[in-house]
Amino acid sequence: MLLANFLSGQGYTASGVVVGTDGLPLELVSVQAEGEGRGTFTEADGTFTLKGLPEGTVTLRFSSLGFQPWREEVHLGPGDEAPALTIVLEERGAVLEQVVVSGNLKEVSRSSSPVPIEVYTAQYFAANPAPNFFESLQQVNGVRPQLNCNVCNTGDIHINGLEGPYTMVLLDGMPIVSGLSTVYGLTGIPQRLVERMEVVKGPASTLYGSEAVGGLINIITQRPGSGPKLVADAMVTSWGETNIDLGLNQRIGEGSSTLLGVNYFRYANPIDNNGDNFTDVTLQDRISVFNKWTFDRADGRDFTLAARYLYEDRWGGELNFGPAFRGGDEVYGESIYTNRWESIGSYQLAVPGEAFFRFSLNGHYHDSAYGNTIYLGKQYIGFGQLTYRPELTGRHDLLFGTAYRYTWYDDNTTATGGETGNAPSVTSLPGAFVQDEFRINRHNTLLLGLRFDHNNRHGAILTPRLNYKWNDRDQSNVFRLSIGNGYRVANVFTEDHAALTGARQVVFAAELQPETSWNANVNYVRRIYDWDWGIVGLDASLWYTRFGNRILPDYESNPNQIIYDNLDGYAVSRGGSLNVDLNLTSGTLANLGITLQDVFVNEDGTRQRQLLTEGASAVWKITQPFPRGWSVDYTGNLYGPMRLPLLGELDNRPAMSPWFSLQNIQVTKAWGESVEVYGGVKNLLNYTPPANSIARPFDPFDREVAFGADGQVLATPNNPHALTFDPSYVFAPNQGIRLFLGFRYSLP
């Protein structure tokens with residue numbers, strides 16, 4: 001009797017095996033006895049043994065990364081031998097590992113990358129359809145498309161509060177954007193041909209060189225020969241906007257595949273709802289053609305070529321503006337003709353290990369008229385990069401690379417004028433880099449990188465980086481630490497071309513040094529799979545970036561000059577962000593992002609907040625599916641106050657913007673996988689900025705403005721606030737509420 005009592009006190013045992021739907025065993029599946037505080041993991045052959053269980057009915061919970069959790073009741077008692085269990089777990093597609101390449105130039109799962117990377121699919125952006133990725137980026141937490149002009153509506157991309165020139169934009173891993181053409185790299189790419197977009201926040205200069213100081217955006221298109229053979233997407237709005245995307249994906253013969261995409265956008269309906277006699281939205285006529293080829297090679301080696309051409313005619317201004325007034329001083333308008341071509345390629349060399357030669361070439365032609373000021377600019381950029389990853393059997397993953405970037409720029413301003421005539425700007429930037437990803441063990445990874453560049457103007461530049469990653473057994477908890485140096489060789493001409501009208505003399509106070517930054521970033525990712533209502537994903541980051549040698553233009557010291565000099569002090573971008581993803585068992589998908597940031601410049605002991613930078617922002621997307629192919633998407637943004645550019649102490653416009661929100665709703669009806677009809681409302685709250693955002697729109701040529709002997713504006717009875725015509729007071733689009741309707745077709 002004593003022996004029986006002793007054995008009973010040791011508890012009961014449950015055992016069995018866990019397999020996938022393909023019948024193969026699953027290792028490291030968590031097996032938990034609910035309410036008993038006991039658990040174990042499956043072995044390599046999928047088997048498990050859980051001892052010390054109480055008498056009665058016990059609920060066992062089985063969970064693993066990427067699989068639907070499962071509960072199984074087991075009855076245990078004296079004289080009963082619990083049967084061996086066979087548990088089959090089904091994959092859950094919503095949480096399967098995404099593939100990323102931007103962190104270390106090779107395809108790895110997102111959770112395995114030591115570099116924090118955010119991934120967004122084309123389906124994510126389809127919840128709020130837009131005619132280009134520039135507008136779509138408002139759905140990414142911590143990223144904001146910023147309009148820089150109320151008239152021409154050109155803009156750039158801010159990452160963590162840093163301005164557009166600090167953001168590098170890549171197409172299939174190759175740089176396609178320069179200071180002259182920030183917005184054009186993200187327009188005209190058919191969104192149905194894009195596989196995903198990767199966003200890296202923080203310096204990435206070690207791998208990508210100059211310009212990747214604030215972060216990078218990598219648009220990755222589909223691989224030819226995969227995906228639907230034909231796609232079409234057409235959308236119209238109640239404002240008269242029309243956007244058409246067409247895509248063709250075909251196998252050509254026995255040895256190649258091609259991906260052809262065409263995008264056309266047109267808006268030709270001048271609207272002036274705020275009553276300032278200026279177009280609320282720039283009129284545009286744009287066409288873009290994209291073609292990508294892959295060629296079959298021995299041993300599956302890669303060979304890819306792609307090209308894109310874009311033409312755009314855009315104008316904004318007074319409502320009666322037309323081509324006859326372009327460049328004149330009768331009716332004010334800003335008219336921009338853009339011709340742009342790009343080509344990229346990737347070729348894998350037939351050597352042991354992985355060796356790739358990648359290149360990109362682009363040409364940009366700008367013909368602009370800002371009122372009666374004509375700006376003509378041309379820019380050519382060539383980029384080549386050779387990388388080699390040797391075959392190693394240990395814990396090290398080495399990458400060696402060399403790169404060369406050539407930039408040629410010319411315009412019709414004094415910026416490229418030499419003493420004896422025209423002198424185009426030429427920048428030569430060769431570089432070499434090395435990195436080692438060291439897998440210390442299954443829980444710890446360390447990545448070390450170093451890059452050396454030599455600029456023909458600034459000399460040698462070194463950029464190191466360190467990335468560390470820790471993860472638990474099933475990678476449901478991942479911690480990352482990133483420390484890195486970034487640099488940017490600024491081309492002040494291409495970034496401030498609208499200011500270089502010839503009316504002011506360009507002055508360099510000293511030999512400009514390249515801008516540099518140091519960044520530290522802490523990232524924590526948590527996946528919760530055992531929540532009864534679904535799956536929760538948390539992605540939190542803290543960052544601190546300090547800039548030295550920042551180049552700032554001085555427009556105020558002398559009204560007849562623009563003085564460029566490196567900042568005598570430092571600039572800082574710091575803050576934190578949180579992304580929450582919910583995948584509920586009811587089918588609801590929800591994404592919420594919050595960013596808090598502080599971006600400022602400190603010069604001579606005086607701290608000043610950066611212009612047009614919000615201290616707080618939020619973004620959300622909620623998708624609710626319904627039976628019979630119906631679904632509803634609710635998306636939106638919330639932005640905190642920004643410091644706005646005023647024209648002097650007498651300017652009576654608010655110095656700070658208010659809190660504002662842009663919200664959208666979309667209803668979609670799908671018939672199978674091929675046909676969708678969608679429609680909804682954009683800017684649901686009908687928010688627009690103040691009607692006086694353009695200063696003195698009734699006098700765009702400043703005919704009634706009085707200037708003093710020093711060139712400063714004088715206050716007069718008809719100009720009591722001492723203003724000039726100025727369209728730079730812009731923090732939100734002028735486009736109010738509008739309806740949209742669209743149609744999508746896909747041929748498998």
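The values are calculated or read from the model by the stated rules, or taken from the named source; none is laboratory data. Computed from a predicted model, the values in this text were never measured in an experiment. Here Cβ is always computed from backbone atoms with ideal geometry, including for glycine, and neighbour counts include all displayed protein chains.
Computed quantities for the displayed model
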{"read-out": "One residue from 315, 341 being in contact (Cβ under 8 Å) with a residue 12 or more places away in the chain, touching a strand residue (DSSP E or B) at 6+ places or on another chain (Cβ under 9 Å) and over 26 Å from residue 224 (Cα atoms)", "value": "315"}
{"read-out": "Meets criteria (more than 30 Å from residue 161 (Cβ to Cβ), in a loop (DSSP other than H, G, I, E, B) and at pLDDT below 90) for residue 710", "value": "yes"}
{"read-out": "Of all residues in region 490-532 being farther than 30 Å from residue 62 by Cβ, hydroxyl-bearing (Ser, Thr, Tyr) and surrounded by 19 or more Cβ atoms within 10 Å (Cβ to Cβ), the one that is modelled with the highest pLDDT", "value": "517"}
{"read-out": "Test: residue in region 627-640 that is touching a Phe, Trp or Tyr at 6+ places or on another chain (Cβ under 9 Å) and exposed (fewer than 15 other Cβ atoms within 10 Å of the Cβ)", "value": "yes"}
{"read-out": "Strands (runs of 3 or more DSSP E) (entirely within region 194-273) containing at least 3 residues that are over 23 Å from the mean Cα position of the chain (by Cα)", "value": "230-237, 242-252, 256-267"}
{"read-out": "One residue from 481, 392, 462 being aliphatic (A, V, I, L, M), more than 30 Å from residue 150 (Cα to Cα) and surrounded by 15 or more Cβ atoms within 10 Å (Cβ to Cβ)", "value": "481"}
{"read-out": "Residues of region 352-388 that turn out to be among the charged types (D, E, K, R) and either under 27 Å from the mean Cα position of the chain (by Cα) or not in a strand (DSSP E or B) (or both), as a count", "value": "2"}
{"read-out": "Residues being within 43 Å of the chain's Cα centre (by Cα) and under 15 Å from residue 85 (Cα atoms) - total across region 6-23", "value": "4"}
{"read-out": "In region 533-562, residue modelled with the lowest pLDDT [restricted to those that are small (Gly, Ala, Ser) and over 26 Å from the mean Cα position of the chain (by Cα)]", "value": "557"}
{"read-out": "Filtered residues of region 648-673 (kept if among the polar types (S, T, N, Q) and surrounded by fewer than 11 Cβ atoms within 10 Å (Cβ to Cβ))", "value": "652"}
{"read-out": "Some residue of region 451-464 being of a type in the set (Asp, Glu), under 22 Å from residue 175 (Cβ atoms) and more than 24 Å from the chain's Cα centre (by Cα)", "value": "yes"}
{"read-out": "Count - residues of region 401-437 that are farther than 23 Å from residue 385 by Cα and at pLDDT 95 or above", "value": "0"}
{"read-out": "Residue in region 739-748 that is aliphatic (A, V, I, L, M), buried (at least 19 other Cβ atoms within 10 Å of the Cβ), part of a strand (DSSP E or B) and touching a Ser or Thr at 6+ places or on another chain (Cβ under 9 Å) present", "value": "no"}
{"read-out": "Selection count where residues are over 14 Å from residue 70 (Cα atoms) and either touching a helix residue (DSSP H, G or I) at 6+ places or on another chain (Cβ under 8 Å) or surrounded by fewer than 18 Cβ atoms within 10 Å (Cβ to Cβ) (or both), scope region 9-37", "value": "14"}
{"read-out": "Pair list, Cβ under 8 Å, 6 or more apart: region 222-240 residue surrounded by fewer than 17 Cβ atoms within 10 Å (Cβ to Cβ), other residue in a loop (DSSP other than H, G, I, E, B) and among the aliphatic types (A, V, I, L, M)", "value": "240/268"}
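So that you can scan it fast, the table gives a plain yes or no per residue for (1) surrounded by 15 or more Cβ atoms within 10 Å (Cβ to Cβ); (2) of a type outside the set (Gly, Ala, Ser):
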| residue | (1), (2) |
| --- | --- |
| 582 | yes, yes |
| 585 | no, yes |
| 590 | yes, no |
| 597 | yes, yes |
| 606 | no, yes |
| 615 | yes, no |
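Yes or no, residue by residue, for (1) closer than 30 Å to residue 251 by Cβ; (2) modelled with pLDDT under 95; (3) among the aliphatic types (A, V, I, L, M):
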{"site": "300", "(1), (2), (3)": "yes, yes, no"}
{"site": "304", "(1), (2), (3)": "yes, no, no"}
{"site": "312", "(1), (2), (3)": "no, yes, no"}
{"site": "363", "(1), (2), (3)": "no, yes, no"}
{"site": "391", "(1), (2), (3)": "no, yes, no"}
